[in-house]
Each structure stands twice: as structure tokens, then as C-alpha cells.
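Data first, discussion second: the structure below is written as C-alpha cells.
The values are calculated or read from the model by the stated rules, or taken from the named source; none is laboratory data. Note that the coordinates shown come from a computational prediction; the quantities given were computed from them, not determined experimentally. Note that each Cβ is placed from the backbone with ideal geometry, even for glycine, and that neighbours are counted across all protein chains shown.
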Amino acid sequence: MKILTIVGARPQFIKAATVSRVIQQTPGVEEVLIHTGQHFDKNMSDVFFDEMGIPEPEYNLGISSMSHGAMTGRMLEGIEQILLDEKPDWVLVYGDTNSTLAGALAASKLHIKVAHVEAGLRSFNIRMPEEQNRILTDRISTVLFCPTDVAIDNLHSEGYEGLDIRVSKAGDVMYDAALYYGDRAKQPEWISDLNVHNGFALATVHRAENTDNPDRLREIILAINEVHITTPVILPLHPRTKLIIQKLGLHLDVHIVEPVGYLEMVYLLKTCDFVLSDSGGVQKEAYYFKKSCFVLRDETEWTELVEHGANKIVGANRQAIVTAATERVSDIDFSHELYGAGDAANKIVAYLQHYGHVGRAID
Ligand code: UDP
């Protein structure tokens, strides 16, 4: 059985690493990897392939740094040709990027079965490119692997039980990753040069709704600078955010570092005091490593973390961010099994293998 995996952005490398490892251990299953090129820097792409044992991509489309429409269109064309040549049994896509949608659409039009990992998530903010990609990808997939009960409920309320689409609760592949790589955390060399011996906060900011809105970005930066006065903040700065900050002439007064590999990221998550982030993945990873996360957005797809009191939505409001970081509580229960048992990748590969050779309608 042949699985053609499509990745392009940092979180997809991490998700695909866990599933690729299981595929490599499963006799009779072959994986062909397409990297669309959406993320390409050494520290946004290569480091994950080098550190996490992801196979070398057979194809790299080199498509990046263009508008959403142009990027998605070019990917669609490039992926279609590869699918015609490779004739896979499954196309496997992850998350909510343009690479996800282009891969699912190219496959669906050729009547190749599509498996979507991290399906069913909704922010209910249709202006987000990620929300558009999720909704469209789910609708044209063959099987949807959901990480949470909330994701399953979202699909039910959209009427998915009446559609010819399988819905499976696999759990979160990023929980698998956190468990596996949690023991392999790597201390960044530069950390001893920073004055963070008495604790620090870990921050990430990259989401378009913040970076593309100067008012929001300014508020977040002012807030992070203010938090840094009492708790040092380490910020691995996303290249896009860096560029926009430079263009706007904003000033970050925290410990700025280059984006780190996943093993160093795990180290930072394990050793920090708390997290400030607009990242989807980091919100959950904070929970996996028993840290509370203040979410720099107005809504989240991971609502269960807010309901259990681990995370708090603070938006892009300077005062709300600073107050939350200052008045954080310590008695959070991190023991709820919200994201499966850490065997999501095994479940996904077993499922794909079971239904590998049947046509698109798998009932
Ligand atoms: N991450 C990383 N290095 C960094 C920042 C993030 O390895 O410098 C990891 C993070 O731990 C998580 C993933 O990248 O697993 C999240 O990616 P990102 O925030 O870019 O995307 P999102 O999850 O919001 O889609």
C-alpha cells in the first residue's frame, strides 16, 4: 500500500514525523513524501527532518512566499502531476495550511482517497485562512481523523453523519510527539548566556490575525515587553513576524532568538514558567508539559483547555495579557486525558492499512 504524504509548514513536519515513524515500522506500507516548500529556512524546515527522522522528501515543489491564491494554485498543479505519476492508495494531509487544502483538492479531483489528520477543528472565524482550509479539506476528504471530542461534535453539527465521509477519533498526533520527544529534549546552547536562572516565560507570535494587524501586533509587543520586566521572556521569532516588526519599526525588548528545532522547543516548554502564544500547537504542548498558556487570540480551536482552566484567552489586549501573566494560578489539574492515549499515529496507520486497497467509498 502506498501513502503519499503532503507537508509544507513547520507544524506539519512535527505531525508527520510521528506518523512516518509508525509507517516505517509497518511492513507492506510505503510512504512517498511531498514537501511543498511553504516553509524552507534551515530552522523552519531542515532541522525537523534532520532531528526527527522524517524521510527525505521525494519531491520538493519549492512553492513559498506568495499570495494565498497563487500559492494554493501552484501547489494544486504540482501535486496533481505527482499523483498521476505515483498513483498512491492514500493522500495524507495534516492540519490547516494551503498545502493541506491543495493536497486534498488535487487528490479528491483524481478520486484518490484523502485522509485528513487534525480534522474537525473550528475557530468559527471564517476570515482565518486556516479556518477556510480546514472546512474545505474536511468536506472533500475520505476519512477524518479527529483529535478531540469537540472536533467530532463540530462535524456532527455540520451534518457529517449524512455524508459519505468516515469520521474517526484518533487523538492528537502532537501528543504522541510530545511523549516520544519529551525524553529527547535538547538544551539550547544560547540559554546559559541569558539571565533566566530564576524562571522565564516562553512566547511565540506568528498568526496572520496578529501579524497582519498593526494595532494587535503593537499591543502584543507592548504586553510582552512589560511581562519581561518581571519574568524574562524568551521569544523564538517566526521569520514572517520578524519581517513585519522591522517594517513597522516596532521594538521588542525581550530575549529574541531564532526559531528553534522541536527538541529545543520541548526543552523550553518543559523548563518555562508559563507560555504566551497564538500558535495552535503550542497551546496544547503547554498542557502536555504542564504549563498554562495565555492565548494571544480572540478564540481557540482547543476550547477544552480553556474549559479545564489550563489556558486563558487574552486576545491582543495589553492589559489583559499583563494581568493574566501576573495573576496566574498554580493549582491547575493537567491530568485530564483530552487528546487520546498517545497512540494516534498507530491508529491512523492501522486504519489506512485496513482500508488501503478499496476504492473511495470504503463502506
Ligand atoms: N515550534 C518549534 N520551534 C519554534 C516554534 C514552534 O519547533 O521556534 C513548534 C511548536 O512546538 C509546535 C509547532 O512548532 O509543535 C507549532 O507550529 P506553529 O506555531 O508554527 O503553527 P500552528 O501550530 O499555529 O499551526
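Residue pairs, Cβ under 6 Å, 6 or more apart or interchain, first in the stretch 314-331 and at pLDDT 95 or above, second assigned to a loop (DSSP other than H, G, I, E, B) and of a type outside the set (S, T, N, Q). List them.
Within 6 Å, the pairs are Gly315/Asp298; Ala320/Val314; Ile321/Val314; Ala324/Val314.
Suppose the filter is crowded, with 20+ Cβ neighbours inside 10 Å, within 16 Å of the ligand (Cβ to nearest atom) and among the aliphatic types (A, V, I, L, M); does Ala201 pass it?
When the stated conditions are applied, Ala201 passes them.
Read through the list (1) surrounded by fewer than 19 Cβ atoms within 10 Å (Cβ to Cβ); (2) more than 10 Å from the ligand (Cβ to nearest atom); (3) among the charged types (D, E, K, R), then give the number of the only condition that Glu258 fails.
Of (1) surrounded by fewer than 19 Cβ atoms within 10 Å (Cβ to Cβ); (2) more than 10 Å from the ligand (Cβ to nearest atom); (3) among the charged types (D, E, K, R), only one is false for Glu258: (2).
Would you pick out the residues in the stretch 234-253 that are within 14 Å of the ligand (Cβ to nearest atom) and either farther than 20 Å from Ala9 by Cβ or assigned to a strand (DSSP E or B) (or both)?
Ile234, Leu235, Pro236
Whether any residue in the stretch 317-336 is within 16 Å of the ligand (Cβ to nearest atom) and either more than 25 Å from Val117 (Cα to Cα) or surrounded by 15 or more Cβ atoms within 10 Å (Cβ to Cβ) (or both) is what I want to check.
No: the stretch 317-336 contains no residue that is within 16 Å of the ligand (Cβ to nearest atom) and either more than 25 Å from Val117 (Cα to Cα) or surrounded by 15 or more Cβ atoms within 10 Å (Cβ to Cβ) (or both).
State whether the residues of the stretch 25-33 include one that is outside any helix (DSSP H, G or I), free of Cβ contacts under 8 Å to residues at least 24 places away in the same chain and not charged (D, E, K, R).
Yes, the stretch 25-33 has at least one match.
Yes or no: Gly62 away from the ligand (no atom under 16 Å from the Cβ), at positive phi and surrounded by fewer than 24 Cβ atoms within 10 Å (Cβ to Cβ)?
Here the answer is yes, as Gly62 does meet what is asked.
So, in the stretch 176-203, exactly how many residues are acidic (Asp, Glu) and either touching a strand residue (DSSP E or B) at 6+ places or on another chain (Cβ under 8 Å) or touching a residue at least 40 places away in the same chain (Cβ under 8 Å) (or both)?
1
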